[in-house]
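Reading through the structure tokens given below for one structure.
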Amino acid sequence: MRMMFQAVKALSLCGMLFLAACSSSPTSKDMYQGERKAPTVQKKKDTIDKDRLAAIKAFGLEEEMIPSKLIGLSQQNVKRVLGDPSFIRTDKGVEIWQYRAQDCILDLFLYTNRQDGLKVDHSELRGPMLDSAGELSCFRTIVTGRPS
């Protein structure tokens, strides 16, 4: 009888842990539409300030707005163009900066260079429905802070 009681307790505990795990796991909606925002996420302004607009023009993003234009930029120049990232992950020798729009996320991979500090080595856009037109639209939204 006692063994049966312990089995029921263990089964109940497993069920509660399962339900707790299911309720806290993020969904794709959370990832791409910002349902679970980090407390440090800063919203972008609807208008671009003069310094940021000058940086966008200086790095050729006004003529050709594609993520690969960010490759080679220093961390200071990325902040001049895009502002502060929504999320930063730091590992040994690399930082991953994340910028979010409504339906997509831009990940920038900055690697440490001994002479110049951190520089963008790779960029990646991801989202539920990105084709070439969607990628351009998403990136434009991230750069300008407003949908195209």
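Every number in this text was worked out from the coordinates using simple rules, so none of it is lab data. The structure displayed is predicted, hence computed values, not measured ones. Counting neighbours? That spans all protein chains shown, and the Cβs are built from the backbone with ideal geometry, glycine included.
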Exercise. Within the set of other residues whose C-beta is less than 10 Å from the C-beta of ARG80, count the net charge using Lys and Arg as +1 and Asp and Glu as -1.
Key: +1
Exercise. Provide the per-residue ³J(HN,Hα) series for segment 109-120, in order, calculated from phi with Karplus coefficients 6.51, -1.76, 1.60 and θ = phi - 60°, each as a whole number of Hz, with x at glycine and proline positions.
Key: 9, 9, 10, 6, 10, 4, 7, 10, x, 7, 9, 6
Quiz item: According to a simple spin-label model (label point 7 Å from Cα along Cα-to-Cβ), what is the distance in nm between ILE66 and ARG126?
Solution: 2.2 nm
Quiz item: What length, rounded to one decimal in nm, is gained on full extension from TYR111 through to GLN6, with 0.36 nm per residue of separation minus their alpha-carbon distance?
Solution: 32.5 nm
